């Protein structure tokens, strides 16, 4: 399985960021996190920030944080910051909205 991702650093933490739709071949996000986050045998990070495109009624994207041990975090400010940076980069490259057109970060969280 090939998974396009970006690695970001946010105030001392590093996160692997990707779109959930790109990880369709992965067994589970938990197993993917354990494998990818390992600092010696994987990419190495403090977690995964997994973005999923929504319908835009409430938000354009959701962000799910998966810890290196495979557990799911209730929230991560640094992980979410990395996810927003990823969407901003994608938007600059023509990859669609970050959030509301008038406020580029409004619809993400």
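Tally time: how many residues in the range 63-80 are touching a strand residue (DSSP E or B) at 6+ places or on another chain (Cβ under 9 Å), modelled with pLDDT of 95 or more and part of a loop (DSSP other than H, G, I, E, B)? Qualifying residue count for the region: 3. In a residue-by-residue description of the range 54-62, the property of being surrounded by fewer than 16 Cβ atoms within 10 Å (Cβ to Cβ), touching a residue at least 12 places away in the same chain (Cβ under 8 Å), closer than 19 Å to residue 89 by Cβ and touching a strand residue (DSSP E or B) at 6+ places or on another chain (Cβ under 6 Å) applies to no position.
Taking each residue of the range 10-30 that is surrounded by fewer than 16 Cβ atoms within 10 Å (Cβ to Cβ) and looking for partners that are assigned to a helix (DSSP H, G or I) with beta-carbon atoms closer than 6 Å, six or more apart or interchain, yields 11/78. One residue is enough: does the range 14-36 have a residue meeting the conditions part of a loop (DSSP other than H, G, I, E, B), in contact with a strand residue (DSSP E or B) (Cβ under 7 Å, 6 or more places away or on another chain) and closer than 25 Å to residue 91 by Cα? No, there is no match, as no residue in the range 14-36 is part of a loop (DSSP other than H, G, I, E, B), in contact with a strand residue (DSSP E or B) (Cβ under 7 Å, 6 or more places away or on another chain) and closer than 25 Å to residue 91 by Cα. Determine, yes or no, whether residue 42 is surrounded by 15 or more Cβ atoms within 10 Å (Cβ to Cβ), over 10 Å from the mean Cα position of the chain (by Cα) and without any contact (Cβ under 8 Å) to a residue 24 or more places away in the chain. Taking the combined requirement at face value, the residue satisfies it.
The values are calculated or read from the model by the stated rules, or taken from the named source; none is laboratory data. No experiment lies behind these values; they were computed from the predicted model shown. Backbone-built Cβ (ideal geometry, glycine too); neighbour counts: all protein chains shown.
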